[in-house]
Amino acid sequence: MNIKNYLLLFLLTLCSFNGFSQEKYGNESLRLAELDKYWKEVSRTISEGDFVAYTATFHEKATLVTDINAKAYPIANALARWKKDFDDTKAGLRKSSVEFRFRKRLGDNTTAHESGIFYYSYEENGEKNGYYIEFEGLLVKEGIWKMMMEYQKSELTKEDWDELK
């Protein structure tokens, strides 16, 4: 092979890699925008006490794993426990909110693994409370993103939260 052929092969290879990387970043931006929309919806459902919509953010076979309580079980069990808080929020007896910050966001167009911290806060009977939870979420996209596994790893501090700004 002469130098022209090597140069041509090199340029074609370089162009093909560049094309793939642009496609990857384009898809990555879209994927992250969709996931940001997912997390915004989760926040909305909690602040409005919209239990039906919150439940719809989970896959029907989703699992909750918690190192805090050293347990793993179907999300349906957790949802049954949390329903009263949603009902109280919807009725105006309680104010609830959640915010998310991410440490790592991995995935492709149908699977995502998101890790970071969520801050859940609530006010009930004039008393404000909140906690910072290190979490990982495994999501799948079958038309729309849904949580397949929520892993609540540990309780953290406001300082940990502030580091993820």
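The values are calculated or read from the model by the stated rules, or taken from the named source; none is laboratory data. Please read these numbers as outputs of a predicted model, since none were measured by experiment. Here the Cβ is made from the backbone with ideal geometry for all residues, glycine too, and neighbour counts use every protein chain on show.
For the reader, a short list of remarks on this structure follows.
- Boolean, LYS146 is touching a residue at least 60 places away in the same chain (Cβ under 8 Å), over 26 Å from ASP162 (Cβ atoms) and touching a Ser or Thr at 6+ places or on another chain (Cβ under 6 Å): no
- Unmet requirement for PHE102, which otherwise passes all of (1) more than 16 Å from ASP160 (Cα to Cα); (2) in contact with a Gly (Cβ under 7 Å, 6 or more places away or on another chain); (3) among the hydrophobic types (A, V, I, L, M, F, W, C): (1)
- Filter result (of a type in the set (Gly, Ala, Ser), at pLDDT 60 or above and either loosely packed, with under 10 Cβ neighbours inside 10 Å or out of contact with any strand residue (DSSP E or B) (no Cβ under 8 Å at 6 or more places or on another chain) (or both)) within the range 1-55: SER29, ALA33, ALA53
- Selection count where residues are under 14 Å from the mean Cα position of the chain (by Cα) and among the charged types (D, E, K, R), scope the range 27-69: 7
- In summary, ASN69 fulfils each of the numbered conditions (1) within 28 Å of LEU164 (Cα to Cα); (2) loosely packed, with under 14 Cβ neighbours inside 10 Å; (3) at pLDDT 95 or above with the single exception of condition (3).
- Looking across PHE58, PHE102, one residue alone is in contact (Cβ under 8 Å) with a residue 60 or more places away in the chain, closer than 17 Å to GLN152 by Cβ and surrounded by fewer than 18 Cβ atoms within 10 Å (Cβ to Cβ). It is PHE102.
- Residue match in the range 113-127 (condition: under 19 Å from the mean Cα position of the chain (by Cα), part of a strand (DSSP E or B) and farther than 27 Å from LYS71 by Cα): no
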